[in-house]
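Worksheet: the structure to be examined is printed underneath.
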Ligand SMILES: Cc1ncc(COP(=O)(O)O)c(C=O)c1O
């Protein structure tokens with residue numbers, strides 16, 4: 001926005017950037033170019049330091065392994081490779097083709113399927129590519145509603161709306177935080193969707209896919225599963241195995257419970273050639289041109305590490321989430337789904353309405369270096385005033401935390417939210433506790449620092 005104003009304004013009146021910015025009251029930004037570079041570098045360095053000293057509990061984030069981080073910073077970042085290995089529109093792709101082939105092969109192996117496309121540059125882009133393949137404007141589709149934990153790209157205001165499909169939401173059981181299977185069967189029969197989309201951003205329990213299988217067959221819809229949040233759990237043979245439970249195609253981000261680069265992917269076990277062609281075309285030229293080759297290399301590294309360490313990692317993420325939920329419950333928090341064991345994933349959801357809502361709690365926690373997000377709950381009336389917070393165990397697990405450490409995390413959250421003592425003291429306790437958990441685990445070259453700033457030689 002700032003840049004847009006700047007460009008428009010400076011061309012029109014030929015006022016220099018600095019003078020213009022000063023006139024708009026942005027003194028902190030007004031620096032000569034070299035200083036701006038230093039400002040950005042220093043601010044990024046501060047960000048790294050802050051996260052090193054914080055408890056990162058956003059359920060959709062993670063840290064890269066040392067090998068994945070290394071290839072992210074390679075010359076691959078500077079290149080173009082449209083199309084598929086061996087069929088490119090650019091020269092210079094000899095090594096890139098090899099990396100992409102390895103990445104695809106690993107994806108097929110890890111998810112036990114015949115088809116993988118590792119080119120989507122994010123989960124949303126993967127969703128758009130699948131949408132191009134499975135639905136046309138005007139088609140009916142079914143998906144989980146936003147306040148029930150569905151993702152924005154599954155909504156009318158997101159990718160589904162962009163494709164022009166009509167979205168129908170599944171009936172949702174607020175007690176079990178899952179779709180209601182009988183109501184869903186009725187909806188599928190009534191709406192006869194072209195594609196039925198499952199998967200959530202608040203994903204506590206597996207979707208009852210097996211129970212729906214007969215209805216899918218009866219209706220004849222494509223069954224599509226967005227595994228963005230739970231991809232690492234599925235890769236580690238936990239949570240559920242969608243491709244063996246009636247799902248035709250999975251789309252996902254690759255940087256949440258799968259601890260890879262910010263990227264996306266599609267996997268499927270469909271044998272039909274026309275579906276494969278449609279998915280490939282959906283990705284390119286449908287919704288990508290170049291596909292971020294450094295990320296493909298980092299994804300290949302992550303998938304290879306997942307093959308080796310994925311089960312142990314998935315197991316510990318779930319154990320930690322359960323331990324954290326239990327510890328928060330024992331400290332008086334309204335943790336959702338207690339009768340069902342709180343969660344079967346990496347995610348824990350807490351209703352904090354009695355503590356003045358999700359926004360207020362998330363901000364207080366941030367002031368003490370505990371990073372979570374406010375979250376809509378199915379019973380919220382006001383979409384801009386969520387009553388919940390969402391907590392994820394995947395990054396702290398990656399840093400080596402175990403069940404006992406979750407008790408300390410719950411203790412620190414309690415101190416802040418229940419206002420037991422000054423925030424500054426809680427923040428110091430968080431920093432001290434976190435100093436024992438700054439290295440990356442469940443990967444090759446285990447024990448490297450997760451948050452160190454990659455300064456270049458000769459840089460100040
Ligand atoms: C279920 C689901 N699908 C898709 C996405 C989008 O992924 P990305 O941020 O990679 O575009 C998210 C992001 O959190 C998600 O939760």
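The values are calculated or read from the model by the stated rules, or taken from the named source; none is laboratory data. Keep in mind it's a predicted model, so treat the numbers as computed, not measured. Cβ coordinates were reconstructed from backbone atoms using ideal geometry, including for glycine residues, and neighbour counts include every protein chain displayed.
For the stretch 111-131, the set of residues classified as within 16 Å of the ligand (Cβ to nearest atom) and closer than 15 Å to residue 249 by Cα consists of 117, 118, 120, 123, 124, 125, 126, 127, 128, 129, 130, 131, listed by residue number. Got a sec? Which of 305, 276 is assigned to a helix (DSSP H, G or I) and buried (at least 21 other Cβ atoms within 10 Å of the Cβ)? Of 305, 276, the one residue that is assigned to a helix (DSSP H, G or I) and buried (at least 21 other Cβ atoms within 10 Å of the Cβ) is 305. Here residue 315 does not qualify as in a helix (DSSP H, G or I), over 19 Å from the mean Cα position of the chain (by Cα) and in contact (Cβ under 8 Å) with a residue 12 or more places away in the chain. If you take the residues in the stretch 165-201 that are in a helix (DSSP H, G or I) and in contact with a helix residue (DSSP H, G or I) (Cβ under 8 Å, 6 or more places away or on another chain), which one is surrounded by the most Cβ atoms within 10 Å (Cβ to Cβ)? Among them, the one singled out is 184.
Taken over the stretch 162-187, the criterion of being on the phi > 0 side of the Ramachandran plot and more than 15 Å from the ligand (Cβ to nearest atom) is satisfied by 164 alone. Evaluate the stretch 253-269: report whether one residue or more is more than 11 Å from the ligand (Cβ to nearest atom), assigned by TED's automatic domain parsing to the domain that holds residue 293 and modelled with pLDDT under 95. The answer is yes, given that some residue of the stretch 253-269 is more than 11 Å from the ligand (Cβ to nearest atom), assigned by TED's automatic domain parsing to the domain that holds residue 293 and modelled with pLDDT under 95. Restricting the first member to the stretch 382-394 and to residues that are more than 30 Å from residue 316 (Cα to Cα), and the second to residues that are crowded, with 24+ Cβ neighbours inside 10 Å and modelled with pLDDT of 95 or more, the beta-carbon pairs closer than 9 Å and six or more apart or on different chains are 385/358.
Only one of the numbered conditions (1) buried (at least 16 other Cβ atoms within 10 Å of the Cβ); (2) modelled with pLDDT of 95 or more; (3) more than 30 Å from residue 410 (Cα to Cα); (4) away from the ligand (no atom under 16 Å from the Cβ) is not met by residue 65, and that is (3). Listed by position, the helices (runs of 4 or more DSSP H) contained in the stretch 25-142 that have at least 3 residues being in contact with a strand residue (DSSP E or B) (Cβ under 6 Å, 6 or more places away or on another chain) and assigned by TED's automatic domain parsing to the domain that holds residue 232 are 94-111, 123-134.
Would the stretch 90-110 turn up any residue that is within 30 Å of residue 311 (Cα to Cα), within 13 Å of the ligand (Cβ to nearest atom) and in contact (Cβ under 8 Å) with a residue 24 or more places away in the chain? Checked against the condition, which is being within 30 Å of residue 311 (Cα to Cα), within 13 Å of the ligand (Cβ to nearest atom) and in contact (Cβ under 8 Å) with a residue 24 or more places away in the chain, the stretch 90-110 yields no hits at all. It is to be established whether one or more residues within the stretch 146-161 are under 21 Å from residue 269 (Cα atoms), out of contact with any strand residue (DSSP E or B) (no Cβ under 6 Å at 6 or more places or on another chain) and away from the ligand (no atom under 14 Å from the Cβ). No, every residue in the stretch 146-161 fails to be under 21 Å from residue 269 (Cα atoms), out of contact with any strand residue (DSSP E or B) (no Cβ under 6 Å at 6 or more places or on another chain) and away from the ligand (no atom under 14 Å from the Cβ).
Listed by first and then second residue, the pairs with beta-carbon distance under 6 Å, at least 6 apart or on different chains, first residue in the stretch 124-141 and touching a residue at least 40 places away in the same chain (Cβ under 8 Å) and under 17 Å from residue 275 (Cβ atoms), second more than 16 Å from the ligand (Cβ to nearest atom) and in a strand (DSSP E or B), are 134/222. Condition check: in contact (Cβ under 8 Å) with a residue 24 or more places away in the chain, more than 16 Å from the ligand (Cβ to nearest atom) and buried (at least 21 other Cβ atoms within 10 Å of the Cβ). Does residue 212 satisfy that? Criteria met by residue 212. Which ones in the stretch 210-237 are in a loop (DSSP other than H, G, I, E, B) and farther than 12 Å from residue 111 by Cα? Residues satisfying the conditions are 220, 221, 228, 229, 230.
Which of the residues spanning the stretch 372-387 are under 15 Å from residue 350 (Cβ atoms) and surrounded by 13 or more Cβ atoms within 10 Å (Cβ to Cβ)? Result: 372, 373, 374, 375, 376, 377, 378, 380, 386, 387.
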